[in-house]
Amino acid sequence: MPDPYAKRLLWYLFAGSRGGENRIRIIDLLKAKPYNINQLAHELGLDYKAVQHHINVLEKNNIITKAGEKYGVLYFLSNYLEANIDAFNEVRSKIKLKKS
């Protein structure tokens with residue numbers, strides 16, 4: 001069931017803090033398939049450490065989840081985000097993304 005407070009959290013993570021645009025790009029990739037940090041860094045053209053930071057923020061806020069250990073860790077959308085994907089899409093549509 002969607003969380004009525006989800007939109008507030010999503011606004012904070014994607015519009016109210018630095019790096020929100022990159023977090024949106026990470027979520028967009030994870031919608032299609034699971035990735036590890038190295039694959040995400042390559043796809044996004046970002047530094048590994050920067051992607052690692054964004055992953056930690058998203059994981060801490062229950063937006064993504066992981067499976068596996070060490071270098072085999074893959075990241076997926078969390079059940080929480082999947083239940084609130086309409087709120088994510090609404091927030092995303094209102095944020096102007098720069099062209100990569």
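The values are calculated or read from the model by the stated rules, or taken from the named source; none is laboratory data. Since this is a predicted model, take the numbers as computed values, not measurements. Cβ: placed from backbone, ideal geometry, glycine included. Neighbour counts: every protein chain shown.
Among the residues of the stretch 52-95, which ones are hydroxyl-bearing (Ser, Thr, Tyr) and either touching a residue at least 40 places away in the same chain (Cβ under 8 Å) or farther than 18 Å from SER17 by Cα (or both)? I'd like the intermediate steps shown before the answer.
First pass over the stretch 52-95, keeping only residues hydroxyl-bearing (Ser, Thr, Tyr): 65, 71, 75, 78, 80, 93.
Passing the criteria: THR65, TYR71, TYR75, SER78, TYR80.
If you go through the stretch 55-74 one residue at a time, do you hit one that is of a type in the set (Ser, Thr, Tyr) and in a helix (DSSP H, G or I)? Yes; the residues of the stretch 55-74 include at least one that is of a type in the set (Ser, Thr, Tyr) and in a helix (DSSP H, G or I).
Anything in the stretch 34-53 that is hydrophobic (A, V, I, L, M, F, W, C) and not in a helix (DSSP H, G or I)? List them, or say none.
First pass over the stretch 34-53, keeping only residues hydrophobic (A, V, I, L, M, F, W, C): 37, 40-41, 44, 46, 50-51.
Selection gives LEU46 alone.
The selection criterion, being assigned to a helix (DSSP H, G or I), modelled with pLDDT under 95 and either surrounded by 13 or more Cβ atoms within 10 Å (Cβ to Cβ) or on the phi < 0 side of the Ramachandran plot (or both), holds for GLU90.
Taking (1) in contact (Cβ under 8 Å) with a residue 40 or more places away in the chain; (2) of a type outside the set (Phe, Trp, Tyr); (3) exposed (fewer than 12 other Cβ atoms within 10 Å of the Cβ); (4) on the phi < 0 side of the Ramachandran plot in turn, LEU13 satisfies each apart from (3).
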